[in-house]
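A quick write-up on the structure given underneath.
The values are calculated or read from the model by the stated rules, or taken from the named source; none is laboratory data. Quick caveat: nothing in here was measured; it's all calculated off a predicted structure. Here the Cβ is made from the backbone with ideal geometry for all residues, glycine too, and neighbour counts use every protein chain on show.
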Amino acid sequence: SVVTFISHDGEKYETPLEEGVSLMQVAVDNMVPGIDGDCGGEAACGTCHVVVEDGWIDQVGRSGPVEEEMLAMNPEREPNSRLSCQMRLSDSLGGLVVRLPEFQL
Ligand code: FES
C-alpha cells in the first residue's frame, strides 16, 4: 500500500505505507518536503502539519486533546488538519491522501 502527499502546488509524493509507524516518520524517511518533525513526534512543534482529504477523515479520525491544543495555535489550520506524528499508520489507511499546507514550506 502507499500513502500520497500532495504539495500546495499540486506535486505528488508517494511513500510506502509502513504499518505501526507514524505518518510523520514515513514522510521524513522518504524526504517528503514540508514535513520536518522537529520535536520528534511529541505533538509539540507543529512542523508535521497535514490536511487530510475529505474522504479520509472518518477513517483517520480527528485530533486528540494534546494535538488539538497545538493545532489551535495555528490560525491557518483547517477543519481536517492533523499533526502527522499523531497518525499511526495501519493497513486500513492504504491509499490515504493528505495535503501539505503552504505555510509549512
Ligand atoms: Fe512535532 Fe509532530 S513532529 S508536532
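Please determine, by comparing only the residues of the range 71-104 that are farther than 20 Å from V32 by Cβ, without any contact (Cβ under 8 Å) to a residue 40 or more places away in the chain and of a type outside the set (S, T, N, Q), which one is surrounded by the most Cβ atoms within 10 Å (Cβ to Cβ).
A72
Residues that are aliphatic (A, V, I, L, M), modelled with pLDDT of 95 or more and out of contact with any Phe, Trp or Tyr (no Cβ under 9 Å at 6 or more places or on another chain): does the range 33-40 have at least one? Steps first, please.
As a first pass, look at the range 33-40 and keep what is aliphatic (A, V, I, L, M): 35.
From the residues that got through so far, the ones that are modelled with pLDDT of 95 or more too are 35.
Filter once more, so that each one left must be out of contact with any Phe, Trp or Tyr (no Cβ under 9 Å at 6 or more places or on another chain): none.
No - not one qualifying residue is present in the range 33-40.
Within the chain, considering only helices (runs of 4 or more DSSP H) that don't extend past its boundaries, which have at least 3 residues that are within 13 Å of the ligand (Cβ to nearest atom) and under 12 Å from the mean Cα position of the chain (by Cα)?
Where helices (runs of 4 or more DSSP H) fall fully within the chain and carry at least 3 residues being within 13 Å of the ligand (Cβ to nearest atom) and under 12 Å from the mean Cα position of the chain (by Cα), they are 23-29.
What are the residue pairs meeting all of these: first residue in the range 26-47, first residue over 17 Å from K12 (Cβ atoms) and free of Cβ contacts under 8 Å to residues at least 60 places away in the same chain, second residue part of a loop (DSSP other than H, G, I, E, B) and of a type in the set (D, E, K, R), Cβ atoms under 6 Å, and 6 or more apart or on different chains?
Correct list of pairs: C45/D38; T47/D36; T47/D38.
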